[in-house]
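What follows is one structure encoded as structure tokens, with my remarks underneath.
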Amino acid sequence: MSDLRELYQQVILDHNKNPRNFHELPNATKAVDGYNPLCGDHYKIYVEVDGDTIKDIGFTGNGCAISKASASVMSSSLKGKSTAEAHQLFDVFHKLVTGEPGSLSTAELGRLAAFSGVSEFPARVKCATLAWHTLNSALESDNETVSTE
Ligand code: ZN
């Protein structure tokens, strides 16, 4: 295991153990349930949107380390961003975990780069993208439930 891989592992373990924004949002403008039946991951993503700005994100629920760390990193990465930036980052993240070449360097990816190893485990891609799909749905549609199946 390379040093870099070990570092990434630490980011995931840390966010799994101490998830950021792991709470309901009292002022949420939208809350969506996300399920990944393959793994048993289940989260509720809360988002407070003001115009085009994501003012706050929170989440509750349970699942594997990758899904929880992903929700945690997503929430802290997207707070304060515009919805357009959120869509862009979702695209970047999706490419990263499916192993497609992306346009951002490791430095630009920041904490998201911790999930690059997921591309070696196709079954875990749904774990890593669950929170993102759920947030996307919260921003885009009137659906209140998202399932990866
Ligand atoms: Zn999972």
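Could you list all residues from the stretch 98-149 that are within 17 Å of Gly63 (Cβ to Cβ) and open to solvent by 20 Å² or more (accessible area, probe 1.4 Å)?
If the condition is that a residue be within 17 Å of Gly63 (Cβ to Cβ) and open to solvent by 20 Å² or more (accessible area, probe 1.4 Å), then Phe121, Ala123, Arg124, Val125, Lys126, His133, Thr145, Val146, Ser147, Thr148, Glu149 are the ones that fit.
Report, by residue number, each residue of the stretch 78-95 that is open to solvent by less than 50 Å² (accessible area, probe 1.4 Å) and either of a type in the set (D, E, K, R) or over 12 Å from the mean Cα position of the chain (by Cα) (or both).
Of everything in the stretch 78-95, those that are open to solvent by less than 50 Å² (accessible area, probe 1.4 Å) and either of a type in the set (D, E, K, R) or over 12 Å from the mean Cα position of the chain (by Cα) (or both) turn out to be Ser82, Thr83.
So if I check each of Leu139, Leu130, Leu135, Leu109, which one is within 13 Å of the ligand (Cβ to nearest atom) and part of a helix (DSSP H, G or I)?
Being within 13 Å of the ligand (Cβ to nearest atom) and part of a helix (DSSP H, G or I) holds for just one of Leu139, Leu130, Leu135, Leu109, which is Leu130.
Among residues belonging to the stretch 61-77 that are within 16 Å of Gly117 (Cα to Cα) and open to solvent by less than 10 Å² (accessible area, probe 1.4 Å), point out the one that is nearest to the ligand (Cβ to nearest atom).
This residue is Ser67.
The values are calculated or read from the model by the stated rules, or taken from the named source; none is laboratory data. Computed from a predicted structure; not experimentally measured. Please note: Cβ atoms are built from the backbone with ideal geometry, for glycine as well, and neighbour counts cover all protein chains shown. Areas reflect the complete protein model, heavy atoms only, side chains present, ligands, DNA and RNA absent. Shrake-Rupley method; radii C 1.70, N 1.55, O 1.52, S 1.80 Å.
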